[in-house]
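Each remark here refers to the structure printed beneath this line.
Laboratory data are not the source of any read-out in this text; all were calculated from the coordinates shown. This is a predicted model, so every value here is computed, not measured. Backbone-built Cβ (ideal geometry, glycine too); neighbour counts: all protein chains shown.
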Amino acid sequence: MIPVDPHEKEAVMTHQTNSPTSATGDSVAPLRPVSAPFGATVPPPVEGGGVTSARGFRAAGVHAGFRKEVGRLDLALVAADQPCACAAAFTKNVFCSAPVTVSRRHLDGVGYGTARAVVVNSGNANAATGAIGLEAAEETARLAGDAVGCPADEVLVASTGVIGVHLPLAPFGTGLPQAVGQLSAEGGAQAARAIMTTDTRPKEAAVTFSGDGVGYDGCTFTVGGMAKGSGMIMPNMATMIAVITTDAPIASNALHDALVRAVDVSFNKVTVDSDTSTNDSCFLFASGEAAPQGAPSFDPSGLAFARFEQALHAVCQNLARAMAADGEGATRLVTVNVSGAATDQDADAAARAVANSPLVKTAVFGHDANWGRIAAAIGKSGAAFRQEDAAIDIMGMPVCRGGLTVAFDEDEALRRFEEAEIVIDVDLGAGNSETTVWTCDFTHDYITINGDYRS
């Protein structure tokens, strides 16, 4: 365990068994028997699924030369068989990248429209590069359009990597024709690898849902996607790029509304280090290929659309959790559930304060059930609650009730900390609002990775 800092005068000891105010752990029921996002509905997953699981999409990942390592995939292309509805959500960082600016333009500045393809390079962010960077992003779209066979304004672009370095165009000239030649329904896995930076593994997910009983009998629809993100993870969205596809028939404006809602409860609930990237982009394409020819788009107020949203949320939350679990240097995914908040804003503030606390994150790394750090985090969050109403569990183990310590078995706590996912439950006792935020532990490797990121 991490030793207690002698200067942490107000630290709460986790095993005050002799305190007359302490409850007994065995006599206290956990806050929640199941640790999952509040209100989560999980449609059937597609084994090995990803961004090309939905009908009407192909993808490829190639080595174009943005990265020095020979053979490392660094250019991804996802293309629809036909122009289709598309929506996107982008970073709110003022230092936004040139690709974000150009993609916004190609979606008419409203975040939705029609598109045919998205091209993503890794190794260079094309951010803080001025007019030259904007020209490079537009030229990227033109080159990709020529290669795919569509107008440049039907191509969306994204970049990830080092900020402040001009993006070379030569790799696109050689890499894009190669990528087009390799486009396939099986190419999603390669595309997912091509967008990685400090990620240690690709992030892919897909689920299906039925159209039976909601006006599309006999149809099975799919939502699939890929994402990258490992550091600079903090909303809005994080240092992430995600491409999501569906073969359901969805109008572009309704697609955008659904994406915004899904992002709010998934990618916007991830934090690794509380920093926000310049390049965050999440693209959602809808081909409609799984519906009968001529079938109408899903009614945004209908049951079919509700099933689509459940599937979209499931994919986005799967990818979000994968990003948190793969935080730079991370050894544990940390799920923070906050309930009993007076407002949704209070729930989010409390959960985010816990998830962003270096003291909480290092305690998780050290397998230390130091609930006092969690209490301190919610106490500074600005959320409205009374100390005497607060309750805290760590891995289903009650450690605090009524703002006071609950005696628990330290050996059992150590055993539970061996799990790949560490769950912290907090009940503020102030209302009915709740939320889930995902983060990871802080390790020595985080410092190492970010200390020599450009080396």
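Per residue, the average separation of C-alpha pairs within less than 8 Å and at least 6 apart gives the chain a relative contact order of 20 percent. Computed from point charges on the beta carbon alone (+1 for Lys and Arg, -1 for Asp and Glu), the dipole magnitude for the chain about its Cα centre is near 800 Debye. Which far-off residues, 5 or more places away or on another chain, put their amide H under 5 Å from the one on Lys203, with H placed in the peptide plane? So Lys203 has HN proximity to Ala227. Put a dot 7 Å past the Cα of Arg201, heading toward its Cβ, do the same for Glu418, and the two dots end up 1.9 nm apart.
Against the chain, whose longest principal axis comes from its Cα atoms, helix 371-380 is set at around 70 degrees. For segment 319-325, putting each phi into the Karplus relation 6.51 cos²θ - 1.76 cosθ + 1.60 with θ = phi - 60° gives couplings of 5, 4, 4, 5, 5, 5, 5 Hz, in residue order, rounded to whole numbers and with x for Gly and Pro. Please state the shape class of segment 375-444: rounded when a/c is under 1.5, otherwise prolate if a/b exceeds b/c and oblate if not, all from the C-alpha gyration tensor. Taking the square roots of the gyration eigenvalues as a ≥ b ≥ c, segment 375-444 is oblate.
One chain, two ends: Asp217 and Thr362. Fully extended at 0.36 nm per residue, the span grows by 47.1 nm beyond their Cα-Cα distance.
What's the angle, to the nearest 10 degrees (0 to 90), between helix 252-264's Cα axis and the longest principal axis of the chain? For 252-264 against the chain, the angle is about 30 degrees. The helix-based estimate of mean residue ellipticity at 222 nm for the chain, built from -39,500 (n - 2.57) per DSSP H run of four or more residues and divided by its residue count, is -9000 deg cm²/dmol to the nearest 500.
Segment 366-415 and segment 43-89 have Cα centres lying 42 Å from one another. When peptides 54-62, 360-368, 242-250 are ranked by their average number of other Cβ atoms within 10 Å per residue, the highest-first order is 242-250, 54-62, 360-368. Compactness of segment 331-449, taken as the C-alpha radius of gyration over 2.2 N^0.38 Å, stands at 1.00.
Helix 344-356 and the longest principal axis of the Cα set of the chain meet at an angle near 80°.
Neighbour counts of C-beta atoms inside 10 Å place Asp74, Asp264 in the sequence Asp264, Asp74, starting with the fewest. The per residue volume of the convex hull around the alpha-carbon atoms of segment 57-325 is 108 Å³. In sequence order, segment 297-309 has phi-based couplings of 5, 4, 6, x, 9, x, 5, 4, 5, 4, 5, 4, 5 Hz under the Karplus curve 6.51 cos²θ - 1.76 cosθ + 1.60, θ = phi - 60°, and Gly or Pro positions carry x. A simple packing score, the average count of other Cβ atoms within 10 Å per residue, orders the peptides 77-87, 180-190, 318-328 as 318-328, 77-87, 180-190, with the highest score first. Across the chain the C-alpha pair distances fall into 20 Å bins from zero in the proportions 26, 51, 22, 2 percent. The per residue volume of the convex hull around the alpha-carbon atoms of segment 43-118 is 153 Å³. What ³J(HN,Hα) values, in whole Hz, does the Karplus curve 6.51 cos²θ - 1.76 cosθ + 1.60 give for segment 183-194 when θ = phi - 60°, with x put for Gly and Pro? In residue order, the calculated couplings are 4, 7, 6, 9, x, x, 5, 5, 4, 5, 6, 5 Hz.
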